[in-house]
Amino acid sequence: MKVPISLTVNSVHQTQEVEPRVLLVNYLRDTLGLTGTKIGCDTSQCGACTVLLDGMAVKSCTVLAVQADGSQVTTIEGLSKNGDGREAALHPIQEAFWAKHGLQCGYCTPGMILTAYDLLQRNPNPGDGEIRHALDGNYCRCTGYQNIVAAIRHAAGLMKE
């Protein structure tokens, strides 16, 4: 038995019927085709599935799609969109990850960027320790985190401008 949900994803209103057990990550990937949100572990350990739910970073593998009913969801695809859903320039955090080599294979990058977004909304000038603490639930198997921390520090500066 399916239930109706209505939510806004990347500034676009969505209304569908979903099975009550569908995870938000699967809804985003399979129903909406937003594959930037990754499935890395299925156990809420890696953070690759992180999205913004009403502005806060959440692991979308731990949220049912029906729980997001009535909410605003932003995925990595939506971070660089205008309020009307059209493409815009890269977000400063995306620019910083590129400029400071904060990615290698890129699998963890969407979750890292959205976690960084949440952090910088709450704390626009975090120190390295605060950045590392915020990233505690996001795993990267390639970079060793040094360039990721540098990218987030750089993004904080870009966002002040």
* Sum of -39500 (n - 2.57) over DSSP H runs of 4+, divided by residues of the chain (222 nm, nearest 500) -> -8500 deg cm²/dmol
* Asked: Counting Lys and Arg as +1 and Asp and Glu as -1, each charge on the Cβ, what is the dipole of the range 92-160 about the Cα centre in debye, to the nearest 20?
  -> 80
* Taking K100 as the anchor, which aspartates and glutamates have their alpha carbon closer than 18 Å to its alpha carbon, excluding any fewer than eight residues away along the same chain? -> D128, E161
* Asked: What aspartates and glutamates sit close enough to K59 to cross-link, taking a C-alpha to C-alpha distance under 19 Å and skipping anything fewer than 8 places away on the same chain?
  -> D30, D42, D69, E77, D118, D136
* Pairs of Cα atoms under 8 Å, at least six residues apart: use those to get the relative contact order of the chain, whole percent. => 24
* Structure fact -> Diffusion coefficient in µm²/s returned for the range 121-161 by Stokes-Einstein, Kirkwood Rh over C-alpha pairs, 20 °C and 1.002 mPa s, is 200
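Please report, to one decimal in angstroms, the Kirkwood hydrodynamic radius of the range 92-160 built from all distinct Cα-Cα pairs. Don't skip to the end; give the middle numbers.
Values: mean 1/r = 0.0875 Å⁻¹.
For the range 92-160, inverting the mean 1/r across all distinct Cα pairs yields 11.4 Å.
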* Cα-based Rg / Dmax (Å) for the range 3-78 -> 10.9, 30
* Asked: Taking the radius of gyration and the Kirkwood hydrodynamic radius from Cα positions alone, what is the Rg/Rh ratio for the chain, to two decimal places?
  -> 0.97
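Read-outs throughout are calculated quantities, based only on the coordinates presented, and are distinct from any laboratory measurement. Keep in mind the model is a prediction, meaning the values are calculated, not measured. Cβ: placed from backbone, ideal geometry, glycine included. Neighbour counts: every protein chain shown.
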